[in-house]
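Each reported figure results from applying straightforward, stated rules to the coordinates on display, with no laboratory input. This structure is a prediction, so every number in the text was calculated from the model and none was measured. Every residue, glycine among them, receives a Cβ derived from its backbone with ideal geometry; neighbour counts consider all protein chains shown.
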């Protein structure tokens with residue numbers, strides 16, 4: 001673990017991607033998408049709230065949107081192109097959930113699928129007694145990883 | 001493991017089903033009758049509909065139904081003359097109400113509503129009409145109190161609750177208002193009179209100067225800072241529930257509030273497409289067309 005942190009900190013910070021659909025913003029699908037036809041303006045605003053900018057240091061990622069801020073780790077799995085994702089979700093930096101899932105990258109596109117467990121805690125009522133599990137889909141676009149010669153890895 | 005599963009099944013089966021969503025006619029049912037009018041109250045009571053009526057006070061503290069603390073310059077006339085400038089209802093005495101006429105022309109928003117012009121209806125008349133109304137309807141009075149602009153909340157509480165208590169009607173009374181001090185005044189006066197009044201806090205707090213843009217920005221600010229919490233707002237105000245502007249309502253927050261035992265209501269929702277998502281998710285929907293609810 002210490003070695004992993006050391007390696008992560010040694011890596012330069014970088015812009016990773018913009019998540020048009022953010023896994024931490026999954027409550028949008030459960031709570032807001034239904035009103036699209038009735039209140040399109042408000043629904044578009046709520047959609048914009050969940051769009052996230054993601055920065056990374058090594059395998060550690062920080063995702064920032066108006067709806068949620070997530071600290072996550074994305075680690076390549078031994079077989080295939082899949083990467084495992086685990087993260088802590090906060091809302092206005094109040095920890096209110098966690099996510100666990102898988103992601104795959106193809107060129108500049110990242111697609112992720114997770115389960116988000118999120119509580120109803122707010123800063124006005126920090127109460128973590130009730131939780132719900134939501135399916136979460138992520139779709140991000142960022143700079144494609146540079147091709148690296150095998151001998152450089 | 002089996003025992004745990006069995007217990008979970010039992011728990012799921014014993015969970016109390018929430019009551020189906022009720023509809024309340026906004027202004028008595030503004031889609032059918034002129035809002036907050038005698039015709040609307042008579043019509044909705046005759047149909048057995050729950051009503052949401054807006055209440056102001058006259059100078060002599062008589063509760064009257066009206067859409068705004070100001071006499072509506074567009075809809076009303078005083079002594080046969082158009083209303084020019086600002087006229088507060090509490091500048092008029094109850095005896096002067098006979099010189100006020102509101103409505104009497106088609107409302108563009110409600111093309112199928114009955115067209116009738118009439119004098120404002122007092123709460124005393126509403127209480128009289130309740131004698132012939134079904135016992136199981138709910139009368140929801142939204143109190144149009146505005147600090148520094150209308151009489152104090154305590155005056156509203158005394159004027160409304162004393163009449164209701166003395167009339168002793170079997171129907172349910174619900175009071176709503178935008179400010180915690182109004183809720184406190186009704187809850188306090190109810191306690192003094194030994195009457196348990198049901199109160200709802202109106203959300204968001206809309207100031208007279210607020211436009212749609214500022215409401216959206218305030219809502220966004222509360223969402224970003226994670227400080228929007230209907231349960232906390234209701235509890236801090238001492239209210240029994242919340243009634244939320246549907247356009248900005250947070251459905252999850254309403255579900256949480258309902259689960260916490262608070263009454264949840266949204267306003268004003270018209271049209272089947274807009275009504276459908278709220279059905280069985282909130283206790284009450286305030287609508288101009290209460291007949292659209294199943």
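Is region B:103-184 best put as rounded, prolate or oblate by its Cα gyration tensor, with a ≥ b ≥ c the root eigenvalues, rounded for a/c under 1.5, and otherwise prolate when a/b is larger than b/c, oblate when not? Provide the component values of the computation, followed by the final result.
Values: a/c = 2.04, a/b = 1.23, b/c = 1.66.
It is oblate, given that a/c is not under 1.5 and a/b is not larger than b/c.
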ask   = Taking the highest mean first, how do the peptides A:129-140, B:275-286 order by number of other beta carbon atoms within 10 angstrom per residue?
value = B:275-286, A:129-140
key: Label-zone membership for region B:222-249, site residue B:212, 7 angstrom Cα→C-beta point, backbone N under 14 Å   = B:246-248
query = What's the FRET efficiency of residue B:73 with residue A:57 using the Cβ-Cβ distance as r and R₀ = 60 Å, to the nearest 0.05?
reply = 0.45
request  = Quantify how strongly other chains surround peptide B:228-234 by giving the mean number of their Cβ atoms within 10 Å of each of its Cβ atoms.
outcome  = 4
key: Shielding by partners - mean other protein chain Cβ count within 10 Å, residues of A:117-124   = 5
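Going by the alpha-carbon gyration tensor, a ≥ b ≥ c the square roots of its eigenvalues, is the protein assembly as shown rounded (a/c under 1.5) or, if a/c is not under 1.5, prolate (a/b greater than b/c) versus oblate? Could the numbers behind the result be given before it?
Working: a/c = 2.70, a/b = 2.27, b/c = 1.19.
Cα axes put the protein assembly as shown in the prolate bin.
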key: Ranked by how many other beta carbons lie within 10 Å on average, peptides A:60-70, B:119-129 from highest   = A:60-70, B:119-129
ask   = Can you pull the Rg over Rh of chain B, Cα-only, Kirkwood?
value = 0.99
query = How much mean residue ellipticity at 222 nm does chain A get from its helices, if each DSSP H run of length 4 or more adds -39500 (n - 2.57) and you divide by all residues, to the nearest 500 deg cm²/dmol?
reply = -4500 deg cm²/dmol
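Evaluate region A:13-142: find the radius of gyration of its Cα atoms, find its Kirkwood radius, and give the ratio Rg to Rh.
Numbers: Rg = 14.5 Å, Rh = 14.9 Å.
Value, to two decimals: 0.98.
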query = In whole Å, what is the distance between the alpha-carbon centres of region B:17-51 and region A:13-81?
reply = 43
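In peptide B:219-227, how many Cβ atoms from other protein chains are near each Cβ within 10 Å, on average?
On the way: counts 2, 6, 0, 2, 8, 6, 8, 13, 6.
The per-residue average across the peptide is 6.
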Spacing of the two label points (7 Å from each Cα toward its C-beta) at residue A:30 and residue B:192, in nm = 4.6
inquiry  = Between 0 and 90 degrees, rounded to the nearest ten: what's the tilt of helix B:153-167 against the longest Cα principal axis of chain B?
reply    = 90
key: Highest average packing first - B:172-179, B:19-26, Cβ atoms within 10 Å   = B:172-179, B:19-26
ask   = For chain B, what does -39500 (n - 2.57) per DSSP helix run (n ≥ 4), summed and divided by total residues, give at 222 nm, in deg cm²/dmol to the nearest 500?
value = -9500 deg cm²/dmol
key: Simple spin-label estimate for residue A:141 and residue B:279 in nanometres, 7 Å along Cα-Cβ   = 4.0
